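Each remark here refers to the structure printed beneath this line.
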C-alpha cells in the first residue's frame, strides 16, 4: 500500500472589531432585527458610494505586524462581480492583485508536554474585504428573505501557504490564528456568530511526490471539531478515490456535521469569472511608514515574545509557557497573579493557572472554542469564558500556601469555594471552611504527646525500623487535629520526639 | 424674465419685483405649454415645486443682496437631470429599470443647490443611464431639439439642454462622462461646463462610469455657469474621489481682459471629420478671440485618435459593474413572471434595460473577462495615461485649448442610431478631456447648416475652471450667439 501525504492550506475570514462597516457608517453589532443596520450604502441604492473605514485598515496593519508580514505602502480595492440576492451591489469590494498584507508566518504548536514541537506556517497574504448579507431560506412566508445587516461588515481574509500536513496541524494553525486575532484585539473570535470562519483547501499526494494533488475546498468550517472531522473525512475520501482509480476533480465542498461527510457544491467547470478590476470609487489605499510605526508602538507584547520571557524570567518549561500564552486573557491573568504573588512564586502560579484555573474553565470539552478567552468576572456577571477567581485572589491563596497558613489540599478546597461560591475574600473563605493549619507549636505538641501515649505499639514498631508506623502516627495526629495540623510540622515534631 | 440672467433674477427677487412662487409658476406654466412637444422633462410636480418656492419666500434667504452666492441663487428655479437622486422625487435615469423609483435621499449636488435656496422645477429627460449622444435611448422617448424638432438635442443631457434652449428653466444640472454636458450644449446653443474630475461630488449621481462621470452646470451664459458651479462644487466626505480643496468663487476672474491669453489649437481637432459649417463658426470665434487680445498657437495631442476606443473599453467596463445593482431584488423593475432566481435576473435585466445599455454591459463584461482584461482594460488604462500626458505637454505651450465641441450641428433623429460607431464619434472631441480628468466647456459660437447652433469647446488645465469661464464670458460680452432664441420659444 502506498503512503499518502496530506496537504492543507487554510483561508480564514476574521470579522474585524470595528464600530462601523468597512464602507459605510452603519453599526456592525450582532443580532439586530433584519435590515435595521443597513444604510443606503449597504443596500446599494442608486448613486451611493463607498468610503473606507480607517479602523479596518488599522486592524490589517496590526495583523501584518503581528505575523511579521509586509504591509503594502499602496494596495488596491477591486470589485469581484457576481450576482446573488444578498450581494446588493452585484459585486463585492475586496482586494485582488495588491493586498494590504503579504507574507509573514504563524508559529503553531504540536504535541503535549515535553513532546511539544513548534512549526512555522507561512502566510500568503491577508486582504481587506466586505462581507455579504444573509439569505434567509426558512420561515419567510415560503420565500427567501434577505437580511443586509451583515452586508459591508469588515473582514480580513487570511490565506496560508499549503503547509499543513494533517488535520491536527490545520486545527493547531486555526487555533493559533484564532488566539492571535483576539490577542491583538482585531476580532472577537466568536465562531458561533461567524466572526471567525475557515475554508480548508485539501489535497493528497503520494509521499515523496513534489507536485501537489488536485485540491478540493471545504467551505465555511465554523468549529475546530468540524474542521478536524471534515478534513479527516475528505482526506480518506480522496485517498479512496485515487486508489480506486478515479481522479480528483477540483471542486468546492460543504461539510455536513450530521452525516460527518463532505459533499461537492460546485465543480471548477461552473466556477464564476469574477471580472475583477480596480474599484474606481475608491482611491488606492496608502499606508505611510509613520502610520505603521504608530501602530507598532501601541501593539501589545505578542505571544511569542511573552512565551520567551516566561521561560527566561520565570524558568517555566516551553510547554507551560506556551500553554499560558495560548490566549491573551490567560496570559494577562497569569501575569497579574505573578505580579501580586511575587516572582519567586511564579512557578507555583503557573501550576495553579495551568492545572486548576484552566481545568475549571474548560471542563475538558472546549474544543469548539479553542483556548478560553479568559475574561474575568465583572460586575458579578460571569461571561462564557470567565475566570471566576480574580488574579489577586489566586495570588493571595498561593501566598497562604507558602506562608504555611493552609495546606495544598486546603488550598484546593478554598479554590473550589472561591470559584463556585459567592465572591469572598480568600482569608474569609479559609476561616469559614476552617482550613487554617495548626501552626501553634504548644497545642500541637500536646496532641502529639497524647497520640504517642495512646499508640505505644506503633512507637515500638517505628523504633524497630518500620517506616510505615511513622506514617500511621502522622495520620493519627492529623486526625486528632481535625486536619488542621501542618503535616510537615507534624513530621518534624514527631521525629524530634521519637528520636529524642 | 425668461431671458434674464441669474443675477438679474436674483435682483428681481431681492427687490421683491417678483416672488419665488411667481417665478416658479412662470416656468411651470411654460413647461406645461411647451414640454409636450419637446419632451425635455420626465417628471414635474407643481405642488412640490410651489411648496419649495413658498418656503424660500418666507425663509429670509431672499434679498440678502450681494453677501454670498448662496443667497444670490435663492428663489431661482432650476431642474435636475434625472440622474441625480432627489428626495421624494421619482429618479429614473431615463430607464424603465427605475421608472418607479422614488429616491429616499438627495444627491450632494441637489442638497447643495437646495441649501442655496434654489427651487426644483422637475426632473429632466436623458439617454438611458447617460449612455447616448442623441437622447434617443431614453425609455421616456427622445427629447426634441428646440431649434428643429426633427433633430436630436444631443446627449446624454439632452433634456437639460432643451430645457435651457426653450427657456423652460433658467438653470439646469447635467453630467458628463464623455461629452454629455458639452455636446448637447453645443447642439442646443447654450453654455455648459464639465469641471475637473473630483471638483463636484458624485454622491447621489447614478453612476455610469465612475472614473469619468462628473456633474456640471448648464445655462444661458458663462456668467450663470460660474454662479452655479460655485454653488455645486465642494468637498464631500461621502465621495472618496471628491477632492479636498479650498472653496472657490468661480466668478472671480470673469471680468479679466484676455490680452496675453495663449490659446492652443490641437491640429488633431482641426483635421478631417469636422463639418465645414462647424469649422467656419469655430474659425470666426477664434478670430474674435484674437481681437480680444488672445494669441493662438498650434499644439498637438498625438494620441487623441485613441481616445474613442479607450473610452469604449473603460466606460462600458465600469458601467457593466455599476449597473449590476439593478437586479430586481430590492427596488426598481422586476419581471412579472420568472421560474427561478437566474430567470428572474435575466428577465428583469432583459426587460428593464434598453438596447444601448445592454450593448455596453456586454462590451464591458467582455473586456473585463478572464483572459481579455490585460488586452483591453489594462491597455486602455495605459492609453488614458498617454492622453493625459499629451494634454500636460500641450499646456506647456498654452493656457487653454480651443476647438469644436462636436463635429457637426444637430443631426436628424435616426441618422446615426443604426450605427453605434458613428454615434460614438459624435463625442470625438470631448471624450479625451474625461479620460484626462480635465475641465471642458462648450459655448455657442454661431450657426451652421439649417440655422443650427455650433459650439466652441474650451479645455482648461486641471482646476482652471475660473480661467475658462473668464475666456467664455469675455467672448459672450462681445457676441450675442448665446442670447439667440429658437423660433417659437418666446
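The values are calculated or read from the model by the stated rules, or taken from the named source; none is laboratory data. What you see is a predicted model; the values in this text were computed from it and never measured. Note that we place each Cβ from the backbone using ideal geometry, even for glycine, and neighbour counts take in every protein chain shown.
Figures for the structure shown
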| quantity | calculated |
| --- | --- |
| Region A:43-68, residues that are facing chain B (nearest Cβ under 10 Å) and within 19 Å of residue A:149 (Cα to Cα) | A:43, A:44, A:45, A:46, A:48, A:49, A:50, A:51, A:52 |
| Unique residue being modelled with pLDDT of 85 or more, in contact with a strand residue (DSSP E or B) (Cβ under 8 Å, 6 or more places away or on another chain) and more than 30 Å from residue A:182 (Cα to Cα) when the list is A:430, A:406, A:401, A:447 | A:447 |
| Sole residue being in contact with a strand residue (DSSP E or B) (Cβ under 7 Å, 6 or more places away or on another chain), farther than 22 Å from residue B:298 by Cα and within 14 Å of another protein chain (Cβ to nearest Cβ), chosen from B:378, B:368 | B:368 |
| Considering residues of region B:102-111 that are part of a loop (DSSP other than H, G, I, E, B) and crowded, with 21+ Cβ neighbours inside 10 Å only, the residue farthest from the other protein chains (Cβ to nearest Cβ) | B:106 |
| Breaking point among (1) on the phi > 0 side of the Ramachandran plot; (2) modelled with pLDDT of 95 or more; (3) more than 14 Å from chain A (Cβ to nearest Cβ), for residue B:430 | (1) |
| Subset of region A:400-446 [in a loop (DSSP other than H, G, I, E, B) and under 30 Å from residue A:498 (Cα atoms)] | A:403, A:404, A:405, A:406, A:407, A:434, A:435, A:436, A:437, A:439, A:440 |
| Condition broken by residue B:86, with the remaining ones in (1) touching a strand residue (DSSP E or B) at 6+ places or on another chain (Cβ under 7 Å); (2) under 22 Å from residue B:2 (Cα atoms); (3) free of Cβ contacts under 8 Å to residues at least 40 places away in the same chain satisfied | (2) |
| Residue list for region A:69-85, filter: within 22 Å of residue B:341 (Cα to Cα) and more than 9 Å from chain B (Cβ to nearest Cβ) | A:80 |
| Filter result for residue B:112 (in contact (Cβ under 8 Å) with a residue 24 or more places away in the chain and within 16 Å of the chain's Cα centre (by Cα)) | no |
| Count - residues of region A:450-488 that are touching a strand residue (DSSP E or B) at 6+ places or on another chain (Cβ under 8 Å) and assigned to a helix (DSSP H, G or I) | 2 |
| Residues being surrounded by fewer than 24 Cβ atoms within 10 Å (Cβ to Cβ) and either within 16 Å of residue B:359 (Cβ to Cβ) or within 12 Å of another protein chain (Cβ to nearest Cβ) (or both) - total across region B:300-312 | 3 |
| Complete set of residues in region A:273-321 that are in contact with a strand residue (DSSP E or B) (Cβ under 8 Å, 6 or more places away or on another chain) and within 14 Å of another protein chain (Cβ to nearest Cβ) | A:274, A:275, A:276, A:277, A:278, A:279, A:282, A:284, A:285, A:286 |
| Matching residues, region A:86-103, being in a loop (DSSP other than H, G, I, E, B), in contact with a helix residue (DSSP H, G or I) (Cβ under 7 Å, 6 or more places away or on another chain) and more than 10 Å from chain B (Cβ to nearest Cβ) | A:100 |
| Among the residues listed as B:96, B:123, B:144, the single one being touching a helix residue (DSSP H, G or I) at 6+ places or on another chain (Cβ under 7 Å) and within 17 Å of residue B:181 (Cα to Cα) | B:144 |
| Selection from region A:104-117 of residues that are touching a residue at least 60 places away in the same chain (Cβ under 8 Å) and either within 14 Å of another protein chain (Cβ to nearest Cβ) or in a strand (DSSP E or B) (or both) | A:106, A:107, A:108, A:109, A:110 |
| Helices (runs of 4 or more DSSP H) contained entirely in region B:377-439, each with at least 3 residues that are surrounded by fewer than 24 Cβ atoms within 10 Å (Cβ to Cβ) | B:379-394, B:420-424 |
| Selection from region A:3-57 of residues that are assigned to a helix (DSSP H, G or I), under 15 Å from residue A:93 (Cβ atoms) and over 23 Å from the mean Cα position of the chain (by Cα) | A:57 |
| Residue match in region A:118-127 (condition: crowded, with 20+ Cβ neighbours inside 10 Å, under 18 Å from residue A:21 (Cβ atoms) and outside the structural domain of residue A:316 (by TED's automatic domain parsing)) | yes |
| So residue A:40, is it within 14 Å of chain B (Cβ to nearest Cβ) and surrounded by 22 or more Cβ atoms within 10 Å (Cβ to Cβ) | no |
| Count of residues meeting criterion [in a strand (DSSP E or B) and either outside the structural domain of residue A:254 (by TED's automatic domain parsing) or under 26 Å from residue A:14 (Cβ atoms) (or both)] in region A:183-217 | 10 |
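For every residue, the table says whether it meets (1) part of a helix (DSSP H, G or I); (2) surrounded by 23 or more Cβ atoms within 10 Å (Cβ to Cβ); (3) away from chain A (no Cβ under 14 Å); (4) at pLDDT 95 or above.
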| position | (1), (2), (3), (4) |
| --- | --- |
| B:56 | yes, yes, yes, no |
| B:63 | no, no, yes, no |
| B:66 | no, no, yes, no |
| B:71 | yes, no, yes, no |
| B:80 | no, yes, no, yes |
| B:93 | no, yes, no, yes |
